[in-house]
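Just below is one structure, and these are the notes that go with it.
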Amino acid sequence: MSGSFAAMQKRFDPFGVLIIAFITSVGGGTVRDLLLDVPVFWMSDLRTITLILVTSVFAMVFKSIEKNFKNTLFVFDSFGLGLFTIIGVQKGINADLHPFIGIILGTITGCFGGIIRDTLLNRIPLIFRKEIYATASVVGGSFYILLKYYTSISEEINQTFTILLIFTIRTLAVKYRWQIPKFYRFYGDGEM
Amino acid sequence: MSGSFAAMQKRFDPFGVLIIAFITSVGGGTVRDLLLDVPVFWMSDLRTITLILVTSVFAMVFKSIEKNFKNTLFVFDSFGLGLFTIIGVQKGINADLHPFIGIILGTITGCFGGIIRDTLLNRIPLIFRKEIYATASVVGGSFYILLKYYTSISEEINQTFTILLIFTIRTLAVKYRWQIPKFYRFYGDGEM
Amino acid sequence: MSGSFAAMQKRFDPFGVLIIAFITSVGGGTVRDLLLDVPVFWMSDLRTITLILVTSVFAMVFKSIEKNFKNTLFVFDSFGLGLFTIIGVQKGINADLHPFIGIILGTITGCFGGIIRDTLLNRIPLIFRKEIYATASVVGGSFYILLKYYTSISEEINQTFTILLIFTIRTLAVKYRWQIPKFYRFYGDGEM
């Protein structure tokens, strides 16, 4: 949906919106599966594609929902980030990789779709400049790993806690306008 | 060739033109093969590379052909789109995937090279804004699947029909300036 | 490090700098390994990741080193290009591919990280416009192949010679401001 809205802002035609929405949704997980050399998740199963189609068309028909349902969208988006992060970490662990690589894969799953979307829309990915988004994913992924290996709580509770944590970080970040301090531009803007 | 010309417009040096041409040509098929986890088509065979080299150098030497042979280029380009779409659909079917995924792979094969080219040239991919191109690929791919599974016509005739259909759609689209209606920019241009 | 500095110029936050540095460093080798369908090099081993983390943090803390150590950075960068090119060529040969494909893989390993970095930073990759960089990689890769198949010198000496050659080309290119002649913009700047 964030893909659909971003594309609509730039006056794309419906078909372009659909392609952008598709790439935003599956981009992160696709990169993760390619890196792991496992079957790409959306190719063996029509449900993912169908879901994306439905939400995109929904977003196009009810363009005005962006304003009215901004909070609902934020909730879904944060929940999605939590879920995507966990899936990425799990897939890494299942492939017998170091937990730290698992956290990277979780962040890729959660954030790369947005990076690709912004790049295609010809803007510098927001995540690089204002990214409590990626930070929430890294913190959540690390938290999940800690609970998994150093406590005996069940997988379900761990996942719930992780999603709640990521959700809380993002909510607080937006509410209190958290922002990681930026570098000042010390140098000229010439090409390197 | 479209890659070569696009790059030359931006005052690239010959070597840069070559790299852009290469990425434009093989980009879509490479993404498809990576998704399918089959050997990447241009790596086991020098003919693809050689063909790209020859046409790029040709395009660089005869820069003026862009004007004079615009129609010829359009014919080749549309023919290529048809062929690429069919190859993508076939590779998907051969991997026992759902025909709908096959159509997506066909569109990726036909269109992703141009998306990558435009992104590298720092412009919003044309296909997202004016994309009878992608539409022709989707319609052609669907048509090919329909004929394949619901009729008994031979593979050769099916392929010929599909390429003709894609060619016709693109020709009519350009001639009558078809364009899918765009979204108006309802919202501000702020970042999301 | 080039990734870190490029990102800092654009006023990114530290975390964004880290992600850009990571993508710049491993981008080329990742694309190469995906194309070859071999395990992605940085995933089975924490050393690569750790090295990138350390150099990025180092670059962030000592921002001023960019000015004072410009020459040192250039030496490291050129040495890296030589090493990356050789690794790419070798991986191609080990996969029983044609040496020419090996040279392409060497160039991809050496240059794609920078292409991805520039694309993410929303600028046309420098390499397409001023690319003694890619040329040095292609020439070096070809030289390595020639020595390997047509002479009997040892692998170590071959690698040393190749790295020296790439280093020399880059140094001379910068010193004498070599530049491959560009195409003039013969056509309008309209969209294709």
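The values are calculated or read from the model by the stated rules, or taken from the named source; none is laboratory data. Since the model is a prediction, treat every value here as computed from it, not as a measurement. Note: ideal-geometry Cβ built from the backbone for every residue, glycine included; neighbour counts use all protein chains shown. The protein model used for the area step is the full one, side chains on, heavy atoms only, and it has no ligands, DNA or RNA in it. Shrake-Rupley method; radii C 1.70, N 1.55, O 1.52, S 1.80 Å.
With a Förster radius of 30 Å, plug the Cβ-Cβ distance of B:Phe74 and B:Thr151 into 1/(1 + (r/R0)^6) and report the FRET value to the nearest 0.05.
Working: r = 30 Å, r/R0 = 0.99.
Here the calculated transfer efficiency is 0.50.
Using the Kirkwood radius over C-alpha pairs as Rh, can you work out the diffusion coefficient of segment A:2-175 via Stokes-Einstein at 10 °C, viscosity 1.306 mPa s, in µm² per second? Don't skip to the answer; put the middle values down first.
Details: Rh = 16.7 Å.
Estimated diffusion coefficient is 95 µm²/s.
Within 10 Å, count the other beta carbons around each residue, average over each peptide in B:84-91, B:51-58, B:160-167, and list them highest first.
Descending packing order for the listed peptides: B:84-91, B:160-167, B:51-58.
List the trypsin sites (Lys or Arg not before Pro) within segment C:123-179 that fall in a DSSP loop (any state other than H, G, I, E or B) and whose Cβ has at most 11 other Cβ atoms within 10 Å.
Working: sites: C:Arg123, C:Arg129, C:Lys130, C:Lys148, C:Arg170, C:Lys175, C:Arg177; in loops: C:Arg123, C:Arg129, C:Lys130, C:Arg177.
Hits after loop and neighbour filter: C:Arg177.
Taking only Cα atoms of segment B:97-149, what ratio of Rg to Rh do you get with Rh as the Kirkwood inverse-distance radius?
Values: Rg = 12.5 Å, Rh = 11.7 Å.
A ratio of 1.07.
When Lys and Arg each count +1 and Asp and Glu each count -1, what net charge do the other residues less than 13 Å away from A:Gly88, Cβ to Cβ, add up to? Walk me through the numbers before you get to the answer.
Numbers: positive: A:Arg32, A:Lys91; negative: A:Asp33.
Once positives and negatives cancel, what remains is +1.
Checking an interface number: how much accessible area is buried between A and C, summed over both chains, with a 1.4 Å probe, in Å² rounded to 100? Mind showing how you got there, number by number?
Working: alone 12560 and 12570 Å², together 21760 Å².
The contact between C and A buries close to 3400 Å².
Over 26 Å between Cα atoms: which of A:Lys148/A:Lys175; A:Lys91/A:Lys148; A:Lys148/C:Lys91 fall into that group?
Beyond 26 Å between Cα atoms: A:Lys148/A:Lys175; A:Lys148/C:Lys91.
Any idea what the relative contact order of segment B:2-175 is, in percent, if you count C-alpha pairs under 8 Å spaced at least 6 apart? Each step should come with its number before you reach the end.
On the way: 201 pairs, mean separation 40.1, N = 174.
Relative CO of segment B:2-175 lands at 23 percent.
Which whole-Hz ³J(HN,Hα) couplings does segment C:52-58 yield from phi under the Karplus relation 6.51 cos²θ - 1.76 cosθ + 1.60, θ = phi - 60°, glycine and proline marked x?
Going residue by residue, I get 5, 4, 4, 5, 5, 4, 4 Hz, with x marking Gly and Pro.
First select every other residue whose beta carbon is under 14 angstrom from the beta carbon of C:Leu34; then total the charges, Lys and Arg +1, Asp and Glu -1. Could the numbers behind the result be given before it?
Working: positive: A:Arg32, B:Arg32, C:Arg32, C:Lys91; negative: A:Asp33, A:Asp37, B:Asp33, B:Asp37, C:Asp33, C:Asp37.
Result for the local shell: -2.
If you count, for every residue in A:103-109, the Cβ atoms of partner chains within 10 Å of its Cβ, what is the mean? Intermediate values should be presented prior to the final figure.
Numbers: counts 0, 4, 1, 0, 1, 1, 0.
Counting other chains' Cβ atoms within 10 Å and averaging over A:103-109 gives 1.
In whole Hz, with x marking every Gly and Pro, tabulate ³J(HN,Hα) for segment C:95-110 from phi via Karplus 6.51 cos²θ - 1.76 cosθ + 1.60, θ = phi - 60°.
Computed from phi, the couplings for segment C:95-110 are 8, 6, 8, 4, x, 5, 5, x, 4, 4, 5, x, 5, 4, 4, x Hz.
Return the average number of partner chain Cβ atoms within 10 angstrom of each residue Cβ along peptide A:95-102. List each step's numbers first, then the result.
Numbers: counts 3, 1, 4, 5, 0, 3, 7, 0.
Counting Cβ atoms of other protein chains within 10 Å of each residue's Cβ and averaging gives 3.
In whole Hz and in residue order, list the ³J(HN,Hα) couplings for segment B:117-126 that follow from phi through the Karplus curve 6.51 cos²θ - 1.76 cosθ + 1.60, θ = phi - 60°; x for Gly and Pro.
Those phi angles translate into 4, 5, 5, 5, 7, 6, 10, 5, x, 3 Hz.
Give the average, rounded to an integer, of partner chain Cβ atoms located within 10 angstrom of each Cβ in C:17-23. The partial results should precede the final answer.
Working: counts 3, 3, 10, 2, 0, 1, 2.
The per-residue average across the peptide is 3.
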